[in-house]
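The values are calculated or read from the model by the stated rules, or taken from the named source; none is laboratory data. Here the structure is a predicted model, which means the values were calculated and not measured. In this analysis, Cβ positions are derived from the backbone assuming ideal geometry, glycine residues included, and neighbour counts consider all displayed protein chains.
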Amino acid sequence: MIRTGLKRIYIGLIFLFLYAPIFTLIVLSFNASKTRAKWEGFSFKWYISLFENEAIIQALQNTLMIAFLSALIATVLGTMACISLQSMKRKTRAVLIGITNIPMLNAEIVTGISLMLLFISLGVTFGFTTILLAHITFNIPYVILSVMPRMKQLNPSTYEAALDLGASQLQAFFKVVFPDILPGIISGFFMAFTMSLDDFIITHFTKGPGIDTLSTKIYTEVRKGIKPEMYSLSTIIFVTVLVLMLLVNYTPKKK
Amino acid sequence: MSKSRKMLSLPFLFWSALFILIPLCMVFYYGFTDKNGSFTLQNLFAIATPEHSKALWEAIKLSVVSTIICLLLAYPLAMILSNIRTAQKSFIILIFILPMWMNFLLRTLAWQTLLEKKGVINSVLSALHLPALNIINTPAAIILGMVYNFLPFMVLPIYNVLIKIDKNLIHAARDLGANGVKTFLHITLPLSISGVISGITMVFVPALTTFVISRLLGGNKILLIGNVIEQEFTVTGNWHLGSGLSIVLMLFIIFNMVLSVVTDKDGEANAI
């Protein structure tokens with residue numbers, strides 16, 4: 001009894017540690033004061049002025065657009081890679097997976113500066129495209145990581161059986177292989193989306209002067225003081241995701 | 001059929017070459033050359049200057065301490081979580097991923113509000129008549145920020161390995177007379193070592209190379225090697241020196257990567 005009690009307290013303390021800053025930000029979003037130093041009463045005003053703050057809305061649009069496009073493209077490229085990697089020799093596969101994993105294992109600052117140097121030498125203008133290309137690059141390993149295990153579990157005979165029974169390769173893939181690896185593809189997409197959304201370091205090195213994502217905008221605001229609208233925006237995002245996740249997890253599954 | 005399947009890998013191979021390998025080669029090119037494009041080792045040796053070696057040493061110290069704290073906090077947590085029978089794996093992972101939806105910079109900044117001299121934590125402490133905690137703008141605050149940000153990367157790999165351990169092995173050890181400590185040392189710990197190593201890599205590398213956490217919680221007073229490199233690229237504009245220092249930093253990262261590849265051949269300790 002005492003042991004389970006202690007275990008619960010331990011889990012509770014860790015979650016307090018993980019979620020304390022989040023509660024703080026939610027509370028700050030309702031603070032009437034403009035500074036985070038003192039509490040001046042409950043207010044919704046930052047939620048209203050948020051929608052009038054064009055710079056923040058623009059940064060939000062950029063962030064979502066880059067997260068969506070980079071996750072989508074990385075999912076397509078990563079899934080294609082998994083299909084072809086599966087038919088390669090063990091050694092070739094290990095080398096190729098090793099290369100794709102570099103952005104995931106390497107320091108983000110090194111990935112960031114290496115891409116910055118590439119874009120400079122190619123003469124590409126820094127902006128939306130460079131951020132997008134960088135995000136696709138670091139998202140691909142997350143997709144491979146979640147699709148590959150599904151690929152390995154597949155029984156190759158079902159695919160061959162489909163071919164023997166007269167299905168074309170594409171038909172066999174979409175009717176037999178695809179449904180089995182779909183859960184891996186979906187979780188890979190969401191993983192990539194989340195990673196892109198939360199990224200600051202690589203964006204910092206690959207963005208141009210005229211464009212901001214939420215992360216880079218917050219970073220430039222650090223010195224002047226964060227606009228309270230940022231707190232209300234992140235509260236909205238967090239609560240939306242929380243509700244969605246709870247719905248997905250607690251909706252009774254149809255059988 | 002295998003020919004058309006191999007064709008599918010072309011876009012991915014092209015992508016990896018252009019956006020992973022070539023950029024890394026460019027870091028090496030810049031690191032080993034000077035402004036006139038001639039070969040030099042000066043950018044690498046620059047790490048030995050007092051200013052740079054202090055920043056590197058500071059970064060190593062703080063990241064090693066954070067990694068150890070993460071491991072000590074995460075292992076018991078992962079063990080408790082892996083023994084909850086009713087818990088779904090996806091739900092536990094979700095709890096650790098969820099904070100990422102609130103921006104990482106804002107979450108780290110929130111610690112300023114919590115840690116400040118008259119911040120939330122000190123108000124609670126003074127209400128309880130406990131001594132105040134004055135760690136904001138000190139190395140301790142940076143360590144806290146590192147542990148806070150990277151703890152999930154330690155918990156998830158260990159948890160993933162622990163849930164795969166056959167419970168019968170543990171029961172067998174207990175039946176044969178081993179006590180709890182012995183069972184842990186001889187069965188659970190050796191079987192989970194790949195998760196531990198994977199967790200250490202996933203925490204140590206970002207902690208060693210961060211420039212954001214030190215900037216937000218260190219009050220601009222503490223420079224880590226990450227801050228120095230970032231300055232070289234965005235403020236000073238000396239890409240050669242920045243690349244040289246990055247190469248030195250990468251030696252640590254490569255050592256770490258090799259360690260994790262050697263101990264985790266099947267990739268079973270992945271974070272997802």
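Which of (1) modelled with pLDDT of 85 or more; (2) over 20 Å from the mean Cα position of the chain (by Cα); (3) surrounded by 15 or more Cβ atoms within 10 Å (Cβ to Cβ) is the odd one out, the single condition A:G78 does not satisfy?
Status for A:G78: all satisfied but (2).
Need the failing condition index for A:A94 against (1) of a type in the set (G, A, S); (2) surrounded by 21 or more Cβ atoms within 10 Å (Cβ to Cβ); (3) within 19 Å of B:M257 (Cα to Cα), just the number.
(2)
Do we find that A:S49 is outside any helix (DSSP H, G or I), out of contact with any Leu (no Cβ under 9 Å at 6 or more places or on another chain) and surrounded by 13 or more Cβ atoms within 10 Å (Cβ to Cβ) in this structure?
no
Please work out which one of (1) farther than 26 Å from A:V76 by Cα; (2) of a type in the set (A, V, I, L, M); (3) touching a His at 6+ places or on another chain (Cβ under 8 Å) is the condition A:V239 fails and give its number.
In the conditions (1) farther than 26 Å from A:V76 by Cα; (2) of a type in the set (A, V, I, L, M); (3) touching a His at 6+ places or on another chain (Cβ under 8 Å), A:V239 misses (3) alone.
Conditions tested, residue by residue: (1) of a type outside the set (G, A, S); (2) closer than 29 Å to A:H135 by Cβ; (3) out of contact with any strand residue (DSSP E or B) (no Cβ under 6 Å at 6 or more places or on another chain); (4) modelled with pLDDT of 95 or more.
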residue	(1), (2), (3), (4)
B:S2	no, no, yes, no
B:L10	yes, yes, yes, no
B:I22	yes, yes, yes, yes
B:D34	yes, no, yes, no
B:F45	yes, no, yes, no
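Would you check which residues across the stretch B:142-181 are within 14 Å of chain A (Cβ to nearest Cβ) and in contact with a Gly (Cβ under 7 Å, 6 or more places away or on another chain) and list them?
B:F153, B:M154, B:P157, B:I158, B:N160
Please state which one of A:S84, A:S70 is among the hydroxyl-bearing types (S, T, Y) and away from chain B (no Cβ under 11 Å).
A:S70
Here are some residues: A:G123, A:G166. Which one is under 25 Å from B:F28 (Cβ atoms), out of contact with any helix residue (DSSP H, G or I) (no Cβ under 7 Å at 6 or more places or on another chain) and more than 10 Å from every other protein chain (Cβ to nearest Cβ)?
Result of the check over A:G123, A:G166: A:G123.
In the stretch A:3-45, which residue that is within 23 Å of the chain's Cα centre (by Cα) and either part of a strand (DSSP E or B) or in contact (Cβ under 8 Å) with a residue 60 or more places away in the chain (or both) is nearest to B:L151 (Cα to Cα)?
Step by step, filter the stretch A:3-45, then rank; the result is A:I22.
Would you mind telling me which numbered condition in (1) closer than 30 Å to A:R3 by Cβ; (2) within 14 Å of chain A (Cβ to nearest Cβ) B:I136 fails?
Result: B:I136 fails condition (1) only.
Within the stretch B:41-68, which residues are within 16 Å of B:I197 (Cα to Cα) and either surrounded by fewer than 18 Cβ atoms within 10 Å (Cβ to Cβ) or touching a Cys at 6+ places or on another chain (Cβ under 6 Å) (or both)?
B:V64, B:V65, B:I68
I'd like to check something: does the stretch B:211-230 contain any residue that is within 12 Å of chain A (Cβ to nearest Cβ) and acidic (D, E)?
Checked the stretch B:211-230: at least one residue is within 12 Å of chain A (Cβ to nearest Cβ) and acidic (D, E).
Looking at B:L162 and the list (1) at pLDDT 90 or above; (2) touching a Pro at 6+ places or on another chain (Cβ under 8 Å), which single condition is not satisfied?
Condition not satisfied by B:L162: (2).
Could you count how many residues in the stretch B:215-245 are modelled with pLDDT under 90 and basic (K, R)?
Final tally of qualifying residues: 1.
Of the numbered conditions (1) surrounded by fewer than 24 Cβ atoms within 10 Å (Cβ to Cβ); (2) within 30 Å of A:T203 (Cα to Cα), B:V262 satisfies every one except a single condition; which is it?
Of everything listed in (1) surrounded by fewer than 24 Cβ atoms within 10 Å (Cβ to Cβ); (2) within 30 Å of A:T203 (Cα to Cα), B:V262 misses just condition (2).
Need at least 2 residues that are surrounded by 20 or more Cβ atoms within 10 Å (Cβ to Cβ) and at the interface with chain B (Cβ under 10 Å from one of its Cβ atoms) per element, so show me which helices (runs of 4 or more DSSP H) inside the stretch A:169-252 make the cut, counting only ones lying wholly within it.
A:178-198, A:201-206, A:214-224, A:228-250
For B:L73, all conditions in the list (1) in contact (Cβ under 8 Å) with a residue 24 or more places away in the chain; (2) more than 9 Å from chain A (Cβ to nearest Cβ) hold save one; what is the number of the exception?
Only one criterion is unmet by B:L73, namely (2).
As an exercise: evaluate B:K117 against (1) at pLDDT below 85; (2) crowded, with 17+ Cβ neighbours inside 10 Å and give the number of the one condition it does not meet.
Result: B:K117 passes all but (2).
Please enumerate the residues belonging to the stretch A:102-129 that are of a type in the set (S, T, N, Q) and either surrounded by fewer than 19 Cβ atoms within 10 Å (Cβ to Cβ) or farther than 30 Å from A:I181 by Cβ (or both).
A:S114, A:S121, A:T125, A:T129
Sort out which residues of the stretch A:130-157 are loosely packed, with under 14 Cβ neighbours inside 10 Å, in a helix (DSSP H, G or I) and not basic (K, R), and write them in order of number.
Selection gives A:Q153, A:P156, A:S157.
Mind checking whether some residue in the stretch B:57-75 is out of contact with any helix residue (DSSP H, G or I) (no Cβ under 8 Å at 6 or more places or on another chain), at pLDDT 90 or above, in a helix (DSSP H, G or I) and of a type in the set (F, W, Y)?
yes
Contact list please: Cβ distance under 7 Å, first residue in the stretch B:102-113 and more than 7 Å from chain A (Cβ to nearest Cβ) and under 16 Å from B:F211 (Cα atoms), second residue of a type in the set (S, T, N, Q) and assigned to a helix (DSSP H, G or I), pairs at least six apart or on different chains.
Correct list of pairs: B:T108/B:N149.
Being at pLDDT below 90 and assigned to a loop (DSSP other than H, G, I, E, B), is that true of even one residue in the stretch B:197-214?
No; the residues of the stretch B:197-214 include none that is at pLDDT below 90 and assigned to a loop (DSSP other than H, G, I, E, B).
Taking the criterion of being free of Cβ contacts under 8 Å to residues at least 40 places away in the same chain and touching a Lys or Arg at 6+ places or on another chain (Cβ under 6 Å), would at least one residue in the stretch A:56-66 satisfy it?
Within the stretch A:56-66, not a single residue is free of Cβ contacts under 8 Å to residues at least 40 places away in the same chain and touching a Lys or Arg at 6+ places or on another chain (Cβ under 6 Å).
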